[in-house]
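The values are calculated or read from the model by the stated rules, or taken from the named source; none is laboratory data. Owing to the predicted nature of the structure, the values given are computational and were not obtained by experimental measurement. Cβ sites come from the backbone with ideal geometry, for glycine too, and all protein chains shown count toward neighbours. Keep in mind that these areas ignore ligands, DNA and RNA; they rest on the heavy atoms of the full protein, side chains included. Shrake-Rupley method; radii C 1.70, N 1.55, O 1.52, S 1.80 Å.
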Amino acid sequence: APAGAETASSCAPPATPTPAQTEGPYYKAGPPEPASLVEPGMAGTPVSLTGWVVATDCAPLADAKVEIWQADASGTYDNMGYRLRGYVLTDATGGFTIETIVPGEYPGRTEHIHVKVTPPGGSTLTTQLYFPGLQGNDADGIYDPALLLEVIEGPSGLTATYTFVVAV
Ligand code: FE
């Protein structure tokens, strides 16, 4: 489960499935499963992206694949390699954590992290996550407040939490 979590997800059944969003132009299949997407010397505010994957009845989904890809702090995607691309599998509580950085904005888009969530034997939810309180959110035609991360500022960066609800 996510570090410091006292309860499971914030899910209350029957839960509304997490809205899907466009994949965008920068998805690249086959990323690694790293402990952290943060590399030495990488610019940007560290963020521990954490949360749960649950079904609409709030049952935790273990071994779900949570894959992310995002821009770096200057708003650039690595389309040659797999920098800031990777996945983790959920634990027995449906929990996951990926260490990354806060992405930069790029023209037309507010800060966002792309995600694909695939429960075992289920279909893939493709969506995007957003950071609260940014001016750029309302100017972004794709932004959806249902996809806002819950962000806590800590001494060494942010903890950003989201519960994915998927139909299985
Ligand atoms: Fe993007």
Is there any pair linking a residue in the stretch 20-32 that is touching a residue at least 40 places away in the same chain (Cβ under 8 Å) and of a type in the set (F, W, Y) to one that is open to solvent by 60 Å² or more (accessible area, probe 1.4 Å) and more than 9 Å from the ligand (Cβ to nearest atom), with Cβ under 8 Å and at least six apart or on different chains, and which?
Y26/N79
Which residues, taken from the stretch 119-140, are touching a strand residue (DSSP E or B) at 6+ places or on another chain (Cβ under 9 Å) and either in a loop (DSSP other than H, G, I, E, B) or surrounded by fewer than 20 Cβ atoms within 10 Å (Cβ to Cβ) (or both)?
P119, P120, G122, S123, T124, T126, F131, P132, G133, G136, N137, D140
I'd like to check something: does the stretch 15-24 contain any residue that is open to solvent by 20 Å² or more (accessible area, probe 1.4 Å), over 20 Å from T163 (Cα atoms) and within 16 Å of the ligand (Cβ to nearest atom)?
yes
Quick check: is even one residue across the stretch 80-95 closer than 15 Å to S36 by Cα, of a type in the set (K, R) and either within 12 Å of the ligand (Cβ to nearest atom) or part of a strand (DSSP E or B) (or both)?
yes
Hey, among T110, T118, which residue is touching a helix residue (DSSP H, G or I) at 6+ places or on another chain (Cβ under 7 Å) and under 18 Å from L49 (Cα atoms)?
T110
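For the stretch 141-159, name all the residues that are under 18 Å from E105 (Cβ atoms) and surrounded by fewer than 14 Cβ atoms within 10 Å (Cβ to Cβ). Give the derivation first.
Taking the stretch 141-159 as the starting set, the residues that turn out to be under 18 Å from E105 (Cβ atoms) are 141-145, 147-149, 151, 158.
Result: G141, P145.
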Looking at the stretch 89-110 only, could you name the residues that are in contact with a strand residue (DSSP E or B) (Cβ under 7 Å, 6 or more places away or on another chain) and open to solvent by 20 Å² or more (accessible area, probe 1.4 Å)?
L89, T93, T97, E99, V102
Is it the case that the stretch 65-76 has a residue that's over 15 Å from T18 (Cβ atoms), open to solvent by less than 20 Å² (accessible area, probe 1.4 Å), over 15 Å from the mean Cα position of the chain (by Cα) and not aliphatic (A, V, I, L, M)?
yes
